[in-house]
Amino acid sequence: MRSIEICSVLVTGIVWMTGLPVTASAADLKAHLVACPANKTAIGDVGSCGKIWKLKSGEAKLSDDGKLQVAVKGLVLNDETTGEFNGTPDGVDAVAAAVICNGPNGAAVAAQTDVVPLAKNGDAKINAKVNLPGGCIAPVVVLRERYEGKIGGWLAATGM
């Protein structure tokens, strides 16, 4: 099997195992988001979060023409080791949505939005247009943190 086929089978298997509804074509996606479990799972070339997060609800929609809509509610820490910051976004003040495409060289960020504020209750909405490369196979949308002014790992993702 070629690596692209393996990635497609893997994403399909993850979606089937989690029971999350998803529809996808080459670059068309509508899926629920799940929070990062802090198990050091990188998605493509994006590292994972450093702590456990939870999410009340989240959804991402990506159309073939690059229209990207992401909405999250209640994206906050779920990690007692953070003390008084548990249940808050702590120092994460904004998020950016990245589209990871599978290609001949593996999975990598193909497009990323500008950052939008992450409210203290963990809510954020992104409405953007991204330029996707031709042949974006099995896209995954990840919400990346901005912490101390730098874009970092993923906090929520589709198809995990």
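The values are calculated or read from the model by the stated rules, or taken from the named source; none is laboratory data. The model shown is predicted, which means the values in this text are computed figures rather than measured ones. Cβ coordinates were reconstructed from backbone atoms using ideal geometry, including for glycine residues, and neighbour counts include every protein chain displayed.
What the table below lists for this structure:
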read-out: Residue among Ala38, Ala26 that alone is at pLDDT below 95, touching a Cys at 6+ places or on another chain (Cβ under 7 Å) and under 12 Å from Trp154 (Cα atoms); value: Ala38
read-out: Answer from Val142, Val116 - the residue that is over 24 Å from Lys40 (Cβ atoms) and either charged (D, E, K, R) or modelled with pLDDT of 95 or more (or both); value: Val116
read-out: Subset of the range 67-88 (residues that are closer than 28 Å to Ala108 by Cβ and surrounded by fewer than 16 Cβ atoms within 10 Å (Cβ to Cβ)); value: Lys67, Ala71
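Yes/no per residue for (1) free of Cβ contacts under 8 Å to residues at least 24 places away in the same chain; (2) closer than 13 Å to Leu33 by Cα; (3) within 12 Å of the chain's Cα centre (by Cα):
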residue: Cys49; (1), (2), (3): no, no, yes
residue: Gly87; (1), (2), (3): yes, no, no
residue: Asn102; (1), (2), (3): no, no, no
residue: Pro117; (1), (2), (3): no, no, no
residue: Lys120; (1), (2), (3): no, no, no
